[in-house]
Structures are given as C-alpha cells and as structure tokens.
1. More than 13 Å apart: what percent of Cα pairs in region 106-178 qualify?
2. In Å and whole numbers, how far do the C-alpha atoms of region 1-82 stretch along each principal axis, longest first?
3. Take the solvent-accessible surface of the protein heavy atoms, probe 1.4 Å, and return the percent of it on the chain that carbon and sulfur atoms account for.
4. Report, in deg cm²/dmol and to the nearest 500, the calculated mean residue ellipticity at 222 nm for the chain, where each DSSP H run with n ≥ 4 adds -39500 (n - 2.57) and the sum is divided by the residue count.
5. Under the √(5λ) rule applied to the eigenvalues of the Cα gyration tensor, what semi-axes describe the equivalent ellipsoid of region 212-279? Give them in Å, descending.
6. May I have the convex hull volume per residue, in Å³, for the Cα set of region 244-399?
7. Can you give me the relative contact order of the chain as a percent, contacts being Cα pairs under 8 Å and 6 or more apart?
8. Once you treat every alpha carbon in region 143-186 as an equal point and sum by Debye, what is log10 I(q)/I(0) at q = 0.14 Å⁻¹?
Amino acid sequence: MTLRDEAQALLPELTELRHGLHREPEIGLQLPRTREKVLAALDGLPLEIHEGKGLSSITAVLRGSRPGPAVLLRGDMDALPLQELADVPYASVVDGSMHACGHDLHTAMLVGAAKLLSARALELAGSVVFMFQPGEEGCDGAGAMLAEGLLDVAGVPVIAAYATHVHTNLPAGLVVSRPGTATVAGSAIHIVLRGRGGHGSMPHQAADPVPAAAEIVTALQSMVTRTTDAFDPVVLSVGVLRAGTAVNIIPDSAEIGMTLRTCSDHMQEEVLGRIRRLCEHIALAHGLTAEVEMEWGFPATVNDADEVAFAESVTAELFGADHWLTAPQPTMASEDFSRILAVVPGAFLLLGACPPGTADPASAVPNHSPHARFDDSALPVGAALLAGLAQARLDRAGR
C-alpha cells in the first residue's frame, strides 16, 4: 500500500484517539490526562520516549536503520478556556475547556505519523523527532521544550521541522502555506490611566481618566494608519476598556487592554515604542499618569522558501497538485512554532478541515469559536503528510 492508503487505514484508530482527547481537554503546560492518552497510543512502537520535566511534553525519537540527520514533526496538544457549544457526540465533558482550535486533531495526526514511519524505520536514513507539545495557546510550550533540550534528544542535527494546523475555513484536505512570514508577531498591552476621582457635577475638581482613555483608543487607530507602512501590516485591536462604578462618579482610574500583531519583528518593536509614547503623552496632557505594560508574545513564524517548495512537491506526490494552495498573505494569528523555525529551517502548513455539510468553507464557524467543528477526514491526510515530509526530507539529505 502507498503511504496515503496506510494512513487512510488508520482513520478509525485516529478518530477514536481524537474524540477521546476532545472529551477531556486540558489547558496550559500541564496536561496529565492528555499525556497518558498519547503514551498509550505510542506504546509498542520502536520509539525512544522523553517526557518533559517542567511541562507535560513528550518527545519521541525514531531511529532509522541507517545513520543520518533528524527531522522534527510538531503536534500541539492543549485546549482553550471555552465552554463547548458544538453539537457533537464527543463534546467536552470538562467545564470551561474545549478543543476549539483543533489541537486534538494535531495530536492524533502526529501519532498517526509515528505509526506510519515506525513501519518504515528500515527505509529511513536518520531519525525523526516527534514533538508532542503542550502550552501552545499563549504559554510558549515550544520555548519551554527548546529550553529542556528538544533539539538535542536525537543526538544528531535537526535539519528541518514541520507542523500542520487545521482550519475550518479551508476545504478538507487542502494544504496551504507560503514562503516567508506565515503567522505574525504578537504582543499584549495593558494600560492603566491614573487620575483623581470626583463628583460628576464638578469635573473641574477631578482629573478624569475616561476622556483620556477614549482619546487614546481613537489615537491608536490613527497611529496605525498614519505611521506604519501599508505593505508591512499592523493590526491593533482594543479588547478591554474599563472604568467607573456609577454614572455620577468620576473614577480614579481607567484600564485599556489590547493586542498588537505585525508581520515582522522589527515593526513589532517600533509600534510598541509608539504606543508607549502616545499613551504617556496623552495622559500627561490630561494631568494623568499612564502605566504601560507590554508582554511580548511570539515572534513571526517565518517559513523557509526551499522547505515550502519541498512541502508543495511532497503534497502533490501524495495527494495531487490540486491539494496545494500558496497563501497570498500571512495569517494574522501568532504561533509558537515560530520558536522552532527561528533555529531550524522548515515550514508551517495549514490543513483544511471544514466540517462536512458546509456549502462554502468561508462560511464555516472559525477556529476558537465555542461552536467550532472539524472534519475527521483530515486526520489521515495530516498523518500521511507529516510522515511523507519526514521520509522524503531524510531521503533528500542522504542523496
């Protein structure tokens, strides 16, 4: 059988694993139930298993029959703090936790790739590192795994790294990527304006933070359109604007919270500096002080152009050229696989998993929604793609 056929034969097993993970989702860096399910699924395979010390990660190494370098494959395992509202028989039984971003599929796909490649170990010239990662959703699990020696476990250089991410708004089985920036750099900004409270009838006796907060929100949007290059996109979204307790009381303080996303790391640094200056000077003009806290998220995920071209060729060989699409622009989300691609050339690939029965994938409920659903038919596609990338990349290195 071909790799694609072997992966398809794993569909019932991978579906069962995925649904089990979906029913009991876990959030953050510590995923004990998830780790046990993955270890059970890998049991009996010829893998060297390394468990994380400070997080519930699993790094599994498959040794080929001949010496050579290593290829890394990533699957993230954590869920989101959402109450599931999707009407599926395997819905989450954990209150306030849901696999709304498809990481349960990623985990099952990586298990499938491990099974496919274990059956081909005699054909491999080198090693494959399977990276089962917790804490992708804002916890920097990739950074923690790197700090614990992820790239050293195989004992040979890791020459390429690949990860897939399912998406509800793409047709099931379609693989999408692009050279260069794939996902963007992101930061969270928290601002507290401090003034002097008072009675609503006598605003001149107070130092009111509310008008200043409103001015800052609108000024930030003008700043984006007037000080940044339109061809180096910036997305600044205010998600928190909070002040006051009663209609006739001028509060002592006001709070603003926002996220910043940029397609380049240098633009992230520039805009963060502008945000700080703008907030501090508007506050000063109103007789207030501004406390500005900036939390750098992840850098931009930058795909290696040669690795993207390689992934396109492997996709075409496995599934046909019509299963590949080169994305015209980056995805404006952030991704901690950027940590890996900052030190190892590779590619981050989107994989369509639009739920069955959706007439137009663009109309599907998106990732991160409490109603999100994914097509299980993407499971063997992802498993075969990851396995095919690893085997073909080691073959190419051997040649």
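The values are calculated or read from the model by the stated rules, or taken from the named source; none is laboratory data. Values in this document were obtained by computation on a predicted structure and should not be read as measured data. Glycine also receives a Cβ, built like all others from the backbone with ideal geometry; neighbour counts cover every protein chain displayed. In case anyone asks, the SASA skips ligands and DNA or RNA and just uses the protein heavy atoms, side chains included. Shrake-Rupley method; radii C 1.70, N 1.55, O 1.52, S 1.80 Å.
1. 75 percent
2. The Cα atoms of region 1-82 stretch 43, 31, 20 Å along the principal axes, largest first.
3. Numbers: 9090 of 16520 Å².
With neighbouring chains kept in place, the figure for the chain is 55 percent.
4. Working: 10 runs with 134 residues, N = 399.
Computed mean residue ellipticity for the chain: -10500 deg cm²/dmol.
5. Numbers: eigenvalues 155, 22, 19 Å².
Those come to 28, 10, 10 Å.
6. Working: hull volume 28.0 nm³, N = 156.
Cα-based convex hull of region 244-399, divided per residue, equals 179 Å³.
7. Working: 940 pairs, mean separation 99.9, N = 399.
Taking the mean separation of contacting Cα pairs over the length of the chain, I get 25 percent.
8. Ignoring solvent entirely, the Cα scatterers give -0.58.
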